[in-house]
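Visitor: Next up is a structure, given as structure tokens.
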Amino acid sequence: MVRLAFAIAVTCLLTSSLVAQEPAPPPVVGSWDLTLTAPDGRPLPSWLEVHVSGNGVLVGRFQGVVGSVRPISRLTSANDTVRFAIPPQWEAGSADLQFAGVAQGNGLSGTITDPSGTAFPFTAVRAPALRRPTPLWAPALRLFNGTDLKGWHTVGGTNQWSGVNGVLTNAKGGANLVTDGVYTDFKLHVEVRYPARGNSGVYLRGRHEVQVEDSIVTQSDAEATGGLGAIYGFLIPNQNASKGAGQWEALDITLVGRRVTVVLNGKPIISEQEIPGPTGGALDSKEGTPGPIMLQGDHGPVEYRNLR
């Protein structure tokens, strides 16, 4: 009995010692909402996720200002400074994108140098968890009055939107259309019609794009975007429930915190999944605040109706 007790005590001491010797993860580990400063002074949104793989190797994902999220095969960390390089995606230039940042508490700051050699200073805060209970829903609000753009404004590019006979129409590629109101958690109903090979998107809180596109494009495109109803770059639908170009498609989207459910034409295609961070083309990276609904209009013609 004495020998057994001694063995247990030694085992406990060894285990405690091993636990105590495990190094703390680098302060950069976690998810970060980045704000870059463009050369003209404009703030630009971005996102970074870092985690430990295996025996202490740092890996992650990076979302640029545009495009889809990209994997980071390895990050180096020394003296609270983290660095990585990834190949270009939609940026101009052929060099790797270079990232260098210093983590201090709940903040991260540094410089991102794009493939053309342009430097973008950035600051970042830890992304909020946004874990909230499902709210009691209020009565539905109409977002579009059916006749004009009252309650909306455009951003970026030339306005090509008009409201006629209950339909919001974007005649050709131009500006994006944004609600004047901002929202936290909501159920959103929209109906959309796009031409063959059409491309648009519905941005939730102005930050998370629900992909709108002719799903034939997805099947033939080397960079699969997930098709109609996907959360661009992050969440892929469990089935293709689209009707196809030239027909009205119904999207019912529930967003609570980060949890999203997407129902396309009555079929659940994404159920209670977490959106990791902002998608490309977001208005900002301030995930902890309410945001508007934005309809993407920069790619080409598209129609929306019955937005509530």
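Visitor: Ranked by accessible surface with a 1.4 Å probe, highest first, in what order do Arg258, Arg131 come?
Guide: My answer, sorted largest first, is Arg131, Arg258.
Visitor: Here is a follow-up. Find the percent of Cα-Cα distances in segment 163-265 that exceed 15 Å, and round it to a whole number.
Guide: 63
Visitor: Send over the Kirkwood Rh of segment 35-94, from the inverse of the averaged 1/r over different Cα pairs, rounded to one decimal Å.
Guide: With all distinct Cα pairs of segment 35-94 included, I get 13.0 Å.
Visitor: A further question on this structure: Determine the calculated [θ] at 222 nm for the chain from helices alone, applying -39500 (n - 2.57) to every DSSP H run no shorter than 4 residues and normalising by the residue count; nearest 500 deg cm²/dmol.
Guide: Mean residue ellipticity, 222 nm, calculated: -2500 deg cm²/dmol.
Visitor: Check the straight Cα-Cα distances from Lys150 and name the aspartates and glutamates below 12 Å, setting aside those fewer than 8 residues away within the same chain.
Guide: Of all the aspartates and glutamates, those that pass the test against Lys150 - Cα under 12 Å, at least 8 places apart if same chain - are Asp180.
Visitor: Given H placed on each backbone N at 1.01 Å, which residues far from Gly107 in sequence or on other chains put an amide H within less than 5 Å of it?
Guide: Here nothing satisfies the definition.
Visitor: Still on this structure, please answer the following. Give me a comma-separated list of calculated 3J(HN,Hα) values for segment 248-264, in order, Karplus coefficients 6.51, -1.76, 1.60 applied at θ = phi - 60°, integers in Hz, x for any Gly or Pro.
Guide: Listing the rounded values in order: 6, 10, 9, 10, 10, 10, 10, 10, 10, x, 9, 6, 10, 10, 10, 10, 10 Hz.
Visitor: Label segment 248-308 by shape, choosing from rounded, prolate and oblate, from the square roots a ≥ b ≥ c of the eigenvalues of the Cα gyration tensor; if a/c is under 1.5 it is rounded, and otherwise prolate applies when a/b is larger than b/c, oblate when it is not.
Guide: oblate
Visitor: Quick check: from the Cα gyration tensor, does segment 202-308 come out rounded (a/c under 1.5), prolate or oblate?
Guide: Because its axes are fairly even, with a/c under 1.5, segment 202-308 counts as rounded.
Visitor: What ranking do 266-272, 286-292, 134-140 get when scored by the average of other Cβ atoms within 10 Å per residue, highest first?
Guide: 286-292, 266-272, 134-140
Visitor: Could you tell me the center-to-center distance, by alpha carbons, between segment 57-129 and segment 134-148 in angstrom?
Guide: 38
Visitor: Right, here's the next one. Report, to the nearest whole %, how much of the accessible area of the chain belongs to carbon and sulfur atoms, 1.4 Å probe, protein only.
Guide: 56
Visitor: For segment 90-103, take each phi angle, set θ = phi - 60°, evaluate the Karplus expression 6.51 cos²θ - 1.76 cosθ + 1.60, and give the result in whole Hz per residue in order, putting x for glycine and proline.
Guide: 9, 5, 6, x, 10, 6, 5, 6, 10, 10, 9, x, 10, 8
Visitor: Any idea what diffusion coefficient segment 86-203 gets from Stokes-Einstein, in µm²/s, Kirkwood Rh on alpha carbon pairs, 10 °C, 1.306 mPa s?
Guide: 85
Visitor: Tell me which residues come under 5 Å, amide H to amide H, from Gly206 once H is placed; ignore anything under 5 positions away on its chain.
Guide: Residues meeting the amide H criterion: Met294.
Visitor: Which of the lysines could be linked to Lys243 by a straight reach, that is with a Cα gap under 25 Å, when you skip same-chain ones fewer than 8 residues away?
Guide: Within the straight-line cut-off, Lys243 pairs with Lys172, Lys187, Lys267.
Visitor: Something else about it: By how many degrees, 0 to 90 and rounded to 10, does the Cα axis of helix 2-21 deviate from the longest principal axis of the chain?
Guide: On a 0 to 90 degree scale, this one is about 50.
Visitor: I would also like to ask the following. Collect residues whose amide H, placed 1.01 Å from N in the peptide plane, falls under 5 Å from the amide H of Ile86; neighbours closer than 5 in sequence don't count.
Guide: Result for Ile86 returns Leu97.
Visitor: Another question, if that's okay. Students sometimes get this wrong: rank His299, His153, His189 by accessible area, probe 1.4 Å, all chains present, largest first.
Guide: Per-residue accessible area, sorted high to low, gives His299, His153, His189.
The values are calculated or read from the model by the stated rules, or taken from the named source; none is laboratory data. All figures in this text were calculated on a predicted structure; none of them were measured in a lab. Methodologically, a virtual Cβ is constructed for each residue, glycine included, from the backbone with ideal geometry; neighbour enumeration extends over all protein chains shown. With ligands, DNA and RNA removed, areas are computed over all heavy atoms of the protein, side chains included. Shrake-Rupley method; radii C 1.70, N 1.55, O 1.52, S 1.80 Å.
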